[in-house]
1. Over the chain, what relative contact order in percent results from Cα pairs under 8 Å that are six or more residues apart?
2. One quarter of the convex hull surface, Cα atoms only: what value does that give for the chain in nm²?
3. Under unit Cβ charges (Lys, Arg +1; Asp, Glu -1), what dipole magnitude, rounded to 20 debye, does the stretch 304-420 have relative to its Cα centre?
4. Can you compute the charge dipole magnitude of the chain about its Cα centre, using +1 on each Lys and Arg Cβ and -1 on each Asp and Glu Cβ, nothing else charged? Give it in debye, rounded to the nearest 20.
5. In a shell of Cβ-Cβ distance under 12 Å around Asp512, excluding Asp512 itself, what net charge do Lys and Arg (+1) and Asp and Glu (-1) give?
6. What angle, in degrees between 0 and 90 and rounded to the nearest 10, separates the Cα long axis of helix 87-96 from the longest principal axis of the Cα atoms of the chain?
7. Give, as a single signed number, the net charge of other residues whose beta carbon lies under 10 Å from the beta carbon of Met372, with Lys and Arg counted +1 and Asp and Glu -1.
8. So, with a 1.4 angstrom probe, what is the percent of accessible area on the stretch 33-110 that is carbon and sulfur?
Amino acid sequence: MKNLRITNLLRISIIVSLCTLLSCSDKKAKQTTSKPNIIYIMSDDHTTQAFGIYGSRLAELSPTPNLDKLAREGMIFDNAFVNNSICVPSRAAIITGQRAQTNGVIDLEGSIVPEKQFLPIEMKKLGYQTAIVGKWHLHHEPAAFDYYQVLPGQGKYYDPEFRVQGEKPWPENTIQTTGHSSDMIMDATLDYLKTKRDPNKPFFLMHHFKAPHDDFEYAPRYEDYMADTFIPEPASLYDIGNHGSEAIRGKNDSLTRIIGSSVSHRNLIRNQAMNIYWNDSTIYKQYRNAKDIGQEELVKWELDVEEKEYTSKVYQDYLKKYLRCVKGVDDNIKRLLDYLEAEGLLENTILVYTGDQGFMLGEHDYIDKRWMYDEAMRMPFFVRYPEKIKAGSRTDAIINNTDFAPTMIELAGGTTPDYMQGKSFKSVLETGIEPSDWQQATYYRYWMHLAHRHQNPAHFGIRTKEHKLIFYYGKYWVDTDDPNAEWNKASWGNDFSHHTPPAWEFYDLTKDPKEMHNAYKDPVYQETIAELKQQLIEMRENLNETDANYPHIQAVIDAHWND
């Protein structure tokens, strides 16, 4: 009897063990075969200088503790670049996986119709429910998404209105919220995750903050954040050295008074005090027009002691407002991570973070974006997915924003569509190794010549890991010299018909990472420059980015290619 009882106990023990093993195996198989959720988070104008992980002069301030932690749990990209540092073209490249002349968006007036909103279309084919929350800015209804709650255009920082789905035609269905946009956009994302998705299907969610876009209107709770902190200043705020060329400086530095919006009083048309002192009507938005600047005002800029003190004050106020907006983004990221962890979603969700472009934080006495200089061209970019991406990894592989869509599609189990020009870097994420045939350069083009009183001349160029070559052709994409030409003459703050001098710039980034010395005329680099020009020709052809449709620009290129 005793032996029988032992035998039965052994049988029961074996059965329980087998059941447990099968249960665990089934659970493991279920986790392995289930698709990961994907959340793509993008801020507006959040530049790499304003992180801890990118080692800038601001890193010691630790402006992004939550984002830094997220980044260190995955892979950080040091060479992620935008191909046109301005909101709408960048977003168009991300949603289509295509370059400007292929997707049709070269400036802020461009738009993407629903049938060309390729990223959500492809994700739905892979079985994903799709949603976008926050800043959209591509004008047409984001109808390719299953769900949306988006800002109208740029949207407002305080008490933002959102466009939503409903019985009325786009864009008439709206809801009103009360609070700061960063909080309201995260509220909307959390509401979607909690109540508006099918928990039995994987989701693809694009969460787009408005912050820290100008005019840097932060939530009131951050009023004292960094109030007593001295924000480190870039040396080039006061001395630009041999940065630039005649294209942006003019002969005898005369163009510096109207080219490139500034922190200091240097730019007579638009400088940062006009954007950040909201309560002073004598300064705020008191921009000038280029046509009203007399020749007698176009004299070389001199920085005396009084002006240096003024510039420092504006810089400190500018950066504190900007970093307070960044703080709001970072704190809201923690809200999202806390929710995902509490709901058991964190480990099976791919988290991507980026900004739609970089931003100038006083470097070379510049504000805003648009430039091909690294602070404006480089995008923060990192991805967390513990199952496939090693924590603490980092890469210097060159990627650009047309590569984002192909990569997310392949992470979701799909293949890159032939119509996309971007390339998937999924293998870089999963192996940490840059493929032997991976791209070694990226192409950049800024089309909006002298726009919005920021006064950036039109230009294009190539960036490799070691070098950068820029050509300023200095004309609007419409031939404004043609009396029959048509363009949006009511477009705000634009000086499209004013041409600027063509010129080249070359920077050796291995020796001059801050781009302080234009070495285009240096004999040492002539062979390198010739090779980069040849690469430029090939890239422009291969990417459908030539000026065949813009003969007035091509004439400038032909005349100055060998300068």
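1. Details: 1132 pairs, mean separation 111.4, N = 563.
Reported as a whole number, the value is 20 percent.
2. On the way: hull surface 129.6 nm².
Mean projected area of the Cα convex hull: 32.4 nm².
3. Details: 15 positive and 22 negative charges, 58 e Å.
The dipole magnitude comes to about 280 debye.
4. Details: 63 positive and 80 negative charges, 527 e Å.
In debye, rounded to 20, the chain gives about 2540.
5. On the way: positive: Lys468, Lys511, Lys514; negative: Asp374, Glu466, Glu505, Asp508, Glu515, Asp522.
Cβ neighbours under 12 Å give a net charge of -3.
6. Roughly 40 degrees between the two axes.
7. On the way: positive: Arg370, Arg445, Arg463, Lys468; negative: Asp374, Glu505, Glu515.
It works out to a net charge of +1.
8. 49
The values are calculated or read from the model by the stated rules, or taken from the named source; none is laboratory data. Quick caveat: nothing in here was measured; it's all calculated off a predicted structure. Quick reminder, even Gly has a Cβ in these numbers, built from the backbone with ideal geometry, and neighbours come from all protein chains shown. Side chains included, ligands, DNA and RNA excluded: accessible areas come from the protein's heavy atoms. Shrake-Rupley method; radii C 1.70, N 1.55, O 1.52, S 1.80 Å.
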